[in-house]
Structures are given as C-alpha cells and as structure tokens.
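Values quoted throughout were computed directly from the atomic coordinates according to the rules given, and no laboratory measurement underlies them. Keep in mind it's a predicted model, so treat the numbers as computed, not measured. Neighbour counts run over all protein chains shown; Cβ positions are idealised from the backbone, glycine included.
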Amino acid sequence: MSGIFGGKKESSKSYNVNNQMLTNSLGGTTGAVGESYNAIKALLGGDSSGFNRYKDAAGYNFAAQQGSQGVLANGAARGLLRSGSTGKGLVSFGQKLSDQYLDSYLQRLNGMGQLGLGAAGVLANTGQVSESKSKSKPGIAGLLGGLLGGIGAG
C-alpha cells in the first residue's frame, strides 16, 4: 500500500571523525583520572609511598632541615635549646610542614584528575558528524495533488 500512496525512507548515521587522532594525542591524559583516584585511594588506605616520592621530589627534606635549624637556633638564642618549648616548636613546625606538603600533593592529584576529565570531554565532543538522508516517493496522492493544482491554475 505504501507504494501507491507514496512514502518516505530515512537513514541517519553519526560518527566522530577526529576521535582516533585525538585519542592518540590525549589518550595518556584521560588515564590521569584513574591514576589520581588510585593514588588518593592508596594514601587513604595507609600506603604513603606515592606521597613520600612527591615529598622527595618537591624538596621536603631540605625544607624540614632548614626549618628545624631555625627552630633550634631560636631556642638556643633564648637559652632554651633543651627545653620543652623548643621540642614543642620542632613538633609543631614538622606537622605544619607535612600538612602543607600533603595539601599540595592532594591539589596536584586533583588537578591531574581534572586534566583527565577535560581530555575525555574533548574526545567525546569534538569531530561529531551527523548525516541524514531522506527519499520521498510522491505516490498517487502527490500525483492527484499536482493534477488538481494544475487544473485550478488554468
């Protein structure tokens, strides 16, 4: 019946023309989401090896040594080198320094994860191509409409 009354055939397809090229360029970056998640998960699970490697690379030992020498020199200048207040100052300095480095480490892991999410968004949204094709057959209704339109115009 649809052949007599006409009909319409439609087809569409969608694909990403840049996906392979961008995957090659950004593929390592998208993995940063998992890497940062795993590093944070390990740290919260008690594995501080990643944090310790970060501290070593970021100069923690030098900062700790310089700060400790400053606290000791201050205590010696006041005549309190072997006092409780100098010991308390050393502990306080060490805790604050560790907190600063931990905060920096977590911020960098978060930034790494954000880069990965951004790269994944680029991969998902660029180069999208969509094609639609439509074919119509006029059928008898189109023929009658054309004939009647021509009679009324003459």
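Excluding G70 itself, what net charge comes from residues whose Cβ is under 14 Å from its Cβ, given Lys and Arg +1 and Asp and Glu -1? Provide the component values of the computation, followed by the final result.
Values: positive: R78, K96; negative: none.
Combined, the nearby Lys, Arg, Asp and Glu give +2.
If the cut-off is 17 Å between C-alpha atoms, which aspartates and glutamates fall inside it for K13, apart from same-chain ones fewer than 8 positions away?
Cross-link targets: E131.
Which residue, chosen from S104, F51, S68, occupies the Cα position most advanced towards the positive end of the dipole of segment 18-126, where the dipole is computed from +1 (Lys, Arg) and -1 (Asp, Glu) charges on Cβ about the Cα centre?
S68
Under 13 Å from the Cα of K133, which aspartates and glutamates turn up, not counting those fewer than eight places away in the same chain?
Qualifying aspartates and glutamates at Cα under 13 Å: E10.
Suppose a student asked you for the relative contact order of segment 18-126, using Cα pairs under 8 Å spaced at least 6 residues apart; what percent would you report? Write out the running numbers ahead of the final one.
Details: 67 pairs, mean separation 58.1, N = 109.
Worked out over segment 18-126, it gives 53 percent.
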